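Here is the structure we will look at.
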Amino acid sequence: MLVDRLRDSLYRVITTPRGDAFAPIRIQKDLARRLNMTLGSPLCSRDEAAKRREAARRLHDLRSGHGDATSKTAPAREAAPVMVYFEKDRNARELGRIEELLAAKGIAFTKLDVRGDEVTLDFVMREAKCKDDDLPIVFVAGTAIGSFAAVVAADVSGELERRVYGSPPA
């Protein structure tokens, strides 16, 4: 390209040591080099221009989604652990509804029966600020979401997904 040859020629003129012994030339070349750097080095060698074009092409490919196979797959977001604490034979219908909601959202969860486990039951009631009649209770990463109604409200507001998967990537 003609523009690349012109850039390369001007770059060689301002970077060559020839003529530096004569002060008026040396000062003018120094000012030209400083101006070139200030403007983002528009004058450059052919190799540098080729590297810049290749980098611009790769950036365009990445932005448009035409990159290589490794860049096409978005990194999978890791889900926070979701625990459903329940007591056997208590509010089984609500437990089923919670299971359906989480399964429909594709959220993996673990069910823990707290019947006979006073320490866990005490923890659940203290953290969720509820009574044992309110079970089942959903926790995401150790933070209580609440009963079925609270899980539905968190799902509608988008809070459930934010808590499980974190903030969406930008």
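Quick check on the range 118-170: of everything there that is hydroxyl-bearing (Ser, Thr, Tyr) and surrounded by 14 or more Cβ atoms within 10 Å (Cβ to Cβ), which residue is nearest to Gly106 (Cα to Cα)? Ranking the qualifying residues of the range 118-170, first place goes to Tyr165. The set of residues from the range 91-117 being buried (at least 16 other Cβ atoms within 10 Å of the Cβ) and in contact with a Pro (Cβ under 8 Å, 6 or more places away or on another chain) comprises Asn91, Glu94, Leu95, Ile98.
Of all residue pairs spaced 6 or more apart or on separate chains, those with beta-carbon atoms under 8 Å, a first member in the range 142-161 that is in the same structural domain as Ile98 (by TED's automatic domain parsing) and a second member that is among the aromatic types (Phe, Trp, Tyr) and crowded, with 18+ Cβ neighbours inside 10 Å are Ile145/Phe139. Cβ-Cβ distances below 6 Å connect the following pairs, each with a first residue in the range 77-93 that is in contact (Cβ under 8 Å) with a residue 40 or more places away in the chain, a second residue that is assigned to a strand (DSSP E or B) and of a type in the set (Phe, Trp, Tyr), and a separation of six or more residues or different chains: Met83/Phe139.
The values are calculated or read from the model by the stated rules, or taken from the named source; none is laboratory data. If you're wondering where the values come from, they're calculated on a predicted model, not measured in any experiment. Backbone-built Cβ (ideal geometry, glycine too); neighbour counts: all protein chains shown.
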